[in-house]
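Before any comments, here is the structure.
The values are calculated or read from the model by the stated rules, or taken from the named source; none is laboratory data. No experiment lies behind these values; they were computed from the predicted model shown. Note: ideal-geometry Cβ built from the backbone for every residue, glycine included; neighbour counts use all protein chains shown.
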There are 2 protein chains.
Amino acid sequence: MGNFCLIYKMNTNEVNAGDFVKITTSDKIFEGHLMPEYELESKEFLFVKLKSGYNVGIRKDRILNTEIIKINAEKGILEGEGKEESDFENAAGKILILATGGTIASKIDYITGGVKPAFSANELLSTVPEISKTGVEISGKQILNKFSENLTPDDWIKIACEVYNSVKKGAKGIIIPHGTDTMHYSSAMLSFMLKNLNIPVVFTGAQRSSDRGSSDATLNLINSIYFASQAEKFNDKGVFVLMHEGIDDKFCVVFRGTRVRKMHTSMRDAFKGDKFARLSFFEKKFERSVKKEANLTSNNPQVILDTKIEKNVMLLKYFPTLTPEIFEILCEKYKGIVIEGTGLGHVNELLIGSIKRAIDNGKFIAMTSQTIFGRINMNVYATGRRQLKAGVVPCEDMFPEVAYIKLMFALGHYNKYEDIKNFMLTNIAYEINERSEIK
Amino acid sequence: MGNFCLIYKMNTNEVNAGDFVKITTSDKIFEGHLMPEYELESKEFLFVKLKSGYNVGIRKDRILNTEIIKINAEKGILEGEGKEESDFENAAGKILILATGGTIASKIDYITGGVKPAFSANELLSTVPEISKTGVEISGKQILNKFSENLTPDDWIKIACEVYNSVKKGAKGIIIPHGTDTMHYSSAMLSFMLKNLNIPVVFTGAQRSSDRGSSDATLNLINSIYFASQAEKFNDKGVFVLMHEGIDDKFCVVFRGTRVRKMHTSMRDAFKGDKFARLSFFEKKFERSVKKEANLTSNNPQVILDTKIEKNVMLLKYFPTLTPEIFEILCEKYKGIVIEGTGLGHVNELLIGSIKRAIDNGKFIAMTSQTIFGRINMNVYATGRRQLKAGVVPCEDMFPEVAYIKLMFALGHYNKYEDIKNFMLTNIAYEINERSEIK
């Protein structure tokens, strides 16, 4: 991955990545920490992390009469290391950051060139000095430090418990910095585990680590705090995901925790779904979706934590060489399977006999689509109708990952086919859109 | 699904679905076949299939002084039933339609209200009378009649052989009407099975059946023929997918057969990927992508058919409760597995030991992403690097379905890890985009 201990030579100065520098170009002066060169970035640019938390790329050939001031050589890039956790126990009225790890809390490993979890909740907080001027009171706590591909159901339960405890202590809003890989799985699970939430719980993350040029970490964190601080005014409650929108550095977009999905490996605006709002702290804009939402709010002001889930559930993407033999092995191993079928919700008709036998043996089989978007409709084609007759439950327009999470929750609570089916087809946490008009 | 043998009563006339009618509204006159009422459509509209092949919806309350002319009562909706296959053997210089079934060749079953395969290649041809005026010579042949969720590898081979034979007979272009559910699997497989194609082979389909209001069948078919007839001029060769674009009834979009994916269960513009061209027969527009393509054309003018594939391959979508135990069972059953990992190409680190053992035992494990879009990069995070070290092959920016198809083809030809890996990472049929600039 290249050499990240580069020494930049400019004029007569030698500076190391991490030094505080002042760079004068023909038309501007930049002050900040010099960032390590990143193999994938152009070799023509220097990246400087400005005091505002933003990273700026400066063309090397535009640097004229350079003046580079070494202030704290080799100290590392971000401030705040070694700080004590702030006053977390006194949560009332505060916005809490419950950090779990992921790219948002990562920096580049100078030895391997890769990215590793590295920042604590308070270090994350220190990257958003703008927020201190708003008067919003914030505390941070580290509850996990994992990349999200390594999260297990026990981690979902851990996060849900921490959120629950913080709500009980009177938190005004909760931000959960989280790896982006499985953020939509975690946000969906918390949407089911936490009932009657009367504050916003906002998952956020970063596609590019905090010490990289073009990082989205700071913007996503600032806007999460902005969203949470405005939530009371707009009566926004529940679990949300907030991430970067578009290609500029201004707007973020907010989704319900059950209506969003990561749709790109590396772009900053990777998260797609049904927009709940878009907002920009720096532009002071807060635009809300005009889409009518189901009314799922409860009059019960008491938040309820319910972490009973059945882990023995599979998300099975159909593929044309899937045989009844393999399908039957999987049916033996799992209590429930959410199939990602083709189109409106199909699998090869050769599998329908095995599906029927599995359902007759008490397994629960639900159907979603590998098209990702759109609603399941198993009434249109013979293959679908035969599956319906066998007992397959069509999961409306739920994302496959959300249906999988919901089935884990459903099987943790119900045993009877009709009860599980009824739960799966009831809109619990905005995971199902009302049937839309035919276009 | 409702009653499709409706008798519409208007003024004193009684007409059945399928009758040829003339309907006069306050501002227009429509002539065509009355279509069956479809449950999902509004009860306020009548749908008439015009002579042009288009379906039009007419508000019932706008029908004033109605004059309805019964011409061929109860004959069925489309012309052409019972026709002989046209002069297929004399293929030279012609555009051939090799029909395989699917919604494009379907009509609504009046008894069940569902959709079933029903039209032959020549019946399909009869729906596009506009084409006859262009002087393009077309023949049709029925090679399969299946909904695409039921296709098996043997069907891919059958289609590839039929295409090969038609190319050898001198066909100028080949259109393959096909179910949309797995069209992108079939188009990918044919892209690998047919080398040195010197004509366009165009997969097309319909999201809504030919006798429904808002059907995209005719438009897709007309534009496929339009695309194929223009291909010589533009030197367009190889396997393509052509489907509806946007929400109006004008444009279609063309993709390489390896760079497209069905992304919505029901919308007509469900197919997304890298656009090769967009075009409109009726608007006489043919806009080509400005994106630079790899040069993969061969100087060998002889088309080669190569159908050696290994069927024992799995496409495995990672999910957070996937255990090493299940993964190891699957590794025993398959010769190769394409994993749909999270983000840049990850699975829970708990699986890495099992992955390494599988690879050491001669299984081939490739990595794609369940984000669908974007490039795999397993160098950034520790989880990815450990997988790379175990021997997992990162499939660049191939769609998961395409990597799965390609691995079937690769394992049909190579035994050694390095040979398979080399084939997987070589751009054979436009399935890999060159690495793009960092944004």
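Quick check, is A:Ala171 assigned to a loop (DSSP other than H, G, I, E, B) and hydrophobic (A, V, I, L, M, F, W, C)?
Answer is yes for this residue.
Filter region B:389-420 down to the residues that are touching a Gly at 6+ places or on another chain (Cβ under 9 Å) and surrounded by fewer than 17 Cβ atoms within 10 Å (Cβ to Cβ) and list them by number.
Listed by number, the residues that qualify are B:Asn415, B:Tyr417.
May I ask you to verify whether B:Glu123 is among the acidic types (Asp, Glu), assigned by TED's automatic domain parsing to the domain that holds B:Val254 and out of contact with any helix residue (DSSP H, G or I) (no Cβ under 6 Å at 6 or more places or on another chain)?
Spelling it out, B:Glu123 is indeed among the acidic types (Asp, Glu), assigned by TED's automatic domain parsing to the domain that holds B:Val254 and out of contact with any helix residue (DSSP H, G or I) (no Cβ under 6 Å at 6 or more places or on another chain).
Among (1) within 28 Å of B:Ser166 (Cα to Cα); (2) in contact (Cβ under 8 Å) with a residue 60 or more places away in the chain, which single condition is B:Ala277 missing?
All conditions pass for B:Ala277, except number (2).
Criterion first (modelled with pLDDT of 90 or more and more than 19 Å from the chain's Cα centre (by Cα)) does B:Lys233 satisfy it? Break it down stepwise before answering.
Numbers: modelled with pLDDT of 90 or more: yes; more than 19 Å from the chain's Cα centre (by Cα): yes.
Here the answer is yes, as B:Lys233 does meet what is asked.
So which of B:Ile372, B:Ile352 ends up being surrounded by 17 or more Cβ atoms within 10 Å (Cβ to Cβ), within 13 Å of chain A (Cβ to nearest Cβ) and under 24 Å from the mean Cα position of the chain (by Cα)?
B:Ile372
Select from region A:324-341 the residues that are surrounded by fewer than 18 Cβ atoms within 10 Å (Cβ to Cβ) and without any contact (Cβ under 8 Å) to a residue 12 or more places away in the chain and write down the one among them that is farthest from the other protein chains (Cβ to nearest Cβ).
If we take residues in region A:324-341 being surrounded by fewer than 18 Cβ atoms within 10 Å (Cβ to Cβ) and without any contact (Cβ under 8 Å) to a residue 12 or more places away in the chain, then A:Glu332 is farthest from the other protein chains (Cβ to nearest Cβ).
Considering only region A:141-162, how many residues are among the polar types (S, T, N, Q), within 9 Å of chain B (Cβ to nearest Cβ) and in contact (Cβ under 8 Å) with a residue 40 or more places away in the chain?
Number satisfying all stated conditions: 1.
If B:Asp154 satisfies every condition in (1) under 19 Å from B:Asp236 (Cβ atoms); (2) part of a helix (DSSP H, G or I) but one, which is the exception?
Looking at each condition in turn, B:Asp154 falls short on (1).
Out of B:Phe227, B:Phe240, I need the residue that is of a type in the set (Phe, Trp, Tyr), at pLDDT 95 or above and under 13 Å from the mean Cα position of the chain (by Cα). Which one? Full working, then the answer.
On the way: B:Phe227 fails: under 13 Å from the mean Cα position of the chain (by Cα).
One residue alone meets the criteria, B:Phe240.
Take A:Met267 and tell me if it is at pLDDT 90 or above, on the phi < 0 side of the Ramachandran plot and touching a Phe, Trp or Tyr at 6+ places or on another chain (Cβ under 7 Å).
Judged against the criteria, A:Met267 is not a match.
Looking at (1) of a type in the set (Gly, Ala, Ser); (2) surrounded by 20 or more Cβ atoms within 10 Å (Cβ to Cβ); (3) out of contact with any helix residue (DSSP H, G or I) (no Cβ under 6 Å at 6 or more places or on another chain), which one does B:Gly362 not meet, given that it meets all the others?
Condition (2) is where B:Gly362 drops out.
Exactly one of (1) touching a Lys or Arg at 6+ places or on another chain (Cβ under 8 Å); (2) within 14 Å of another protein chain (Cβ to nearest Cβ); (3) touching a residue at least 40 places away in the same chain (Cβ under 8 Å); (4) over 27 Å from A:Val128 (Cα atoms) is unmet by A:Tyr318. Its number?
Of (1) touching a Lys or Arg at 6+ places or on another chain (Cβ under 8 Å); (2) within 14 Å of another protein chain (Cβ to nearest Cβ); (3) touching a residue at least 40 places away in the same chain (Cβ under 8 Å); (4) over 27 Å from A:Val128 (Cα atoms), only one is false for A:Tyr318: (1).
Every residue in region B:395-427 that is under 15 Å from B:Ala188 (Cβ atoms) and of a type in the set (D, E, K, R), please.
Once the filter is applied, which keeps residues that are under 15 Å from B:Ala188 (Cβ atoms) and of a type in the set (D, E, K, R), region B:395-427 yields B:Glu396, B:Asp397, B:Glu401, B:Lys406.
Identify, from the list B:Phe271, B:Phe281, the residue that is away from every other protein chain (no Cβ under 14 Å), over 22 Å from B:Asn196 (Cβ atoms) and buried (at least 18 other Cβ atoms within 10 Å of the Cβ).
B:Phe281
Please note which helices (runs of 4 or more DSSP H) are completely contained in region A:354-438 and include at least 1 residues that are closer than 23 Å to B:Tyr318 by Cα. First the steps, then the outcome.
Numbers: elements: A:382-390, A:400-413, A:417-424.
Counting at least 1 such residues, we get A:400-413, A:417-424.
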